[in-house]
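All of the numbers you see were taken from the coordinates with simple rules; none came from a lab. Bear in mind that the values here come from a model prediction, so they are computed numbers and not experimental data. With ideal geometry, Cβ positions are generated from the backbone for all residues, glycine too; neighbour counts draw on all protein chains shown.
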Amino acid sequence: MKIEMKNIEIYKHLSWKIKYEAGDMPYPPVLFWDKNISSIDIKNWWKKTINIIKKQKVDHNMWLYVHIPFCYTHCFFCTCVTKVEHKENKYDYYLDFIEKEAKLFTDIFKDIEFNTVYVWGWTPTILTAKQIDRFYNILKKYFNLKNVSQIMTEGSPYTTTEDKMKILASHWVNKITFWVQSLDNETLKVNNRFQQFDDVKNAINFARKYWIKYINLDLMAWVPWQNLQWFKETVDLIEKLNPTTVHVNAFWPTKNTNYIKTWNKYNYENIKLRNEMEKYGKFLEDLESKITDTSKKNLQLYNSHNYNSSILWLWYWAISHAFWWLHYTKNSFDDYINFVNWKKVFLNWYKLNINGEIISYLINNLRWGIYFKNFKDLFGIELEKTKIFKKINILLNKKILVIWDNEKWKYIKFKYNSDLYSAIYSKYLYDEVLIKKFILYMKGNKKEFINLDLRLKQFFTD
Ligand SMILES: C[S@@+](CC[C@H](N)C(=O)[O-])C[C@H]1O[C@@H](n2cnc3c(N)ncnc32)[C@H](O)[C@@H]1O
Ligand code: SF4
């Protein structure tokens, strides 16, 4: 198959569509998933996976991922489908569900040591200190966390208190991200978000006081209506707080944001400004590359890169991944209730064969580089001998992919370390059947091709 212009347009469109629908992960896109896997099947697939891990002594480094689904306010820029909830008894109700779900899996996972735990959310620090204590006790009771390398959580500065930090530290949490986004009060106010600089300072001090030493801060480049000067002031203040790492996320105008829902436009001027902001904040992002101690890296990313590790996700919405084959999600709250109550329910899923799993791994990791040796260790086959290598070779000949030989090992990566570039060209690795399905899906929607480059640029930065 040649890389023809026609195809590139399709890959571009596929990239835009997936990002606009608010999820560029996983492979294959959720757009193409089936909804016919039962809870019993899911348990069986996990059993099969665990047997392989145990029998073959695969170095796998599993993650446990838990979502805490409440927010204090709904921020205007936010792409997440969130729930504003202030009632503490609702948080207890949530914890009851997590406990039920953990119980469902405890037998299957009893011999598996989890390597990382990631407590993600809308706002994990919204729970009370007592509820946070109960939450971690549930995880420890039902899963083997004895040799965990990293327990990471996230929090918003304005819901973080000293007693919550103390409890988190007592449960071995050793990395925390505080979401700051902006320190400019005007910007925050128009985005329906209320936090003061002192909240951020206090949150960091509490974390340090209880020896949670790894502190990441998240900022956003172009929070709606923020100007460059205000962004620069935020960055300069953040630098003074001396965090371990900082992520500067570019604003995505997805269809879920209130920004787009209320008919605001996002044009080249906005994109240019956002790019300038990212450029200004880049020196903070570089802090990450200076970390040489592996245990301090983003271990979840590191593990999926090095081990293609499996993910058990508690709560609904996001995606669990059982190594080699299965991706599934409990897409709605109704599905979730049925699932934890062990009632008949069919969930969204996609089963990959080994070639599909290889494509998924390549798509997720080619941007960063894949060691040939690592690939062989993971999949038991040399990359050059896989089916997909024909396509890889075409990308190599076109110099879209390049091979590097460093002093130790040979590795392959996309030539440019750019979101847009890797998002588009990784679509070339998609299975032909999926591309055909996408073309069918697009029939009758031809006008969506208009302004494709602008639309794409809204989501990615070069
Ligand atoms: C799942 S969100 C959770 C945000 C968190 N609750 C907070 O208070 O900011 C994690 C990250 O997604 C990013 N995010 C949310 N909406 C976004 C958007 N429209 N575009 C780009 N990034 C977004 C933010 O940078 C945020 O740090
Ligand atoms: S940015 Fe965070 S706190 Fe704000 S609505 Fe989104 S998830 Fe909730």
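Quick notes
- Where only alpha carbons of the stretch 47-90 are counted, the Rg and the Dmax (Å): 18.7, 49
- Gyration tensor (alpha-carbon) shape descriptor, the stretch 263-318, a/c threshold 1.5: oblate
- Here the gap between GLU239 and PHE197, fully extended at 0.36 nm per residue and compared with their Cα-Cα distance, gives a gain of 13.8 nm.
- Karplus-derived HN-Hα couplings along the stretch 26-40 (A = 6.51, B = -1.76, C = 1.60, θ = phi - 60°), whole Hz, x at Gly and Pro: x, 9, x, x, 4, 3, 9, 7, 9, 10, 8, 9, 8, 4, 5
- Descending semi-axes in Å of the stretch 142-231, equivalent ellipsoid built from Cα gyration tensor: 29, 13, 10
- Modelled label positions at LYS272 and LYS140, each set 7 Å beyond Cα in the direction of Cβ, lie 5.6 nm from each other.
- Applying a 4.7 Å Cβ-Cβ cutoff to the chain leaves CYS71, CYS80 as cysteine residues with no disulfide-compatible partner.
- Most to least packed among 448-461, 377-390 [average Cβ atoms within 10 Å]: 448-461, 377-390
- Label point at ASN258 placed 7 Å out along Cα→Cβ; residues across the stretch 42-83 whose backbone nitrogen lies under 19 Å: 69-83
- Note on the stretch 1-104: Cα Rg divided by 2.2 N^0.38 Å, N the number of residues, gives 1.55.
- Residues whose amide H comes within less than 5 Å of that of ASN249, counting only those at least five positions distant or on another chain, are LEU219, MET220, ALA221 (H built at 1.01 Å from N in the peptide plane).
- DSSP-defined antiparallel bridges as percent of all bridges, the chain, nearest 5: 40
- Anchor LYS87: lysines whose Cα lies under 20 Å away (excluding residues fewer than 8 positions away in-chain): LYS130, LYS164
- Karplus-derived 3J(HN,Hα), 6.51/-1.76/1.60, for each residue of the stretch 280-286, Hz, glycine and proline x: 5, x, 4, 4, 6, 4, 5
- Backbone N under 16 Å from the THR73 label point (7 Å along Cα→Cβ), restricted to the stretch 160-204: 160, 179-200
- Net lengthening on full extension, ASP107/THR292 (0.36 nm per residue, minus Cα-Cα): 62.9 nm
- Close amide-amide hydrogen proximity is noted between GLY121 and ILE68, each under 5 Å apart and 5 or more residues distant or on a separate chain (H modeled in the peptide plane; Pro and chain starts excluded).
- Annotation: extensible slack from TYR210 through GLU407 equals 66.8 nm (criterion: 0.36 nm per residue apart, minus Cα-Cα distance).
- What the Cα convex hull of the stretch 299-369 gives, in volume per residue, is 92 Å³.
- Shown in residue order for the stretch 157-171 are the 3J(HN,Hα) couplings computed by the Karplus curve 6.51 cos²θ - 1.76 cosθ + 1.60 at θ = phi - 60°: x, 7, 10, 8, 10, 5, 5, 5, 5, 4, 5, 4, 5, 5, 9 Hz (x for Gly and Pro).
- Per-peptide packing, taken as the mean over residues of other Cβ atoms within 10 Å, places 215-222, 400-407 in the sequence 215-222, 400-407 from highest down.
- The calculated FRET efficiency for PHE372 paired with LYS447, based on their beta-carbon distance and R0 = 41 Å, is about 0.40.
- Space enclosed by the convex hull of the alpha-carbon atoms of the stretch 347-462, per residue, Å³: 140
- A simple packing score, the average count of other Cβ atoms within 10 Å per residue, orders the peptides 263-273, 203-213, 125-135 as 125-135, 203-213, 263-273, with the highest score first.
- Inverting the pair-averaged 1/r between distinct Cα atoms of the stretch 35-302 gives 20.1 Å as its Kirkwood hydrodynamic radius.
- FRET E, pair LEU440, ILE337, Förster distance 45 Å, beta-carbon r, rounded to 0.05: 0.85
- Computed FRET value (nearest 0.05) for PHE389 with GLU162, which takes r as the C-beta separation and R₀ as 41 Å: 0.15
- Mean projected area in nm² (Cα convex hull; one quarter of hull surface) for the chain: 21.7
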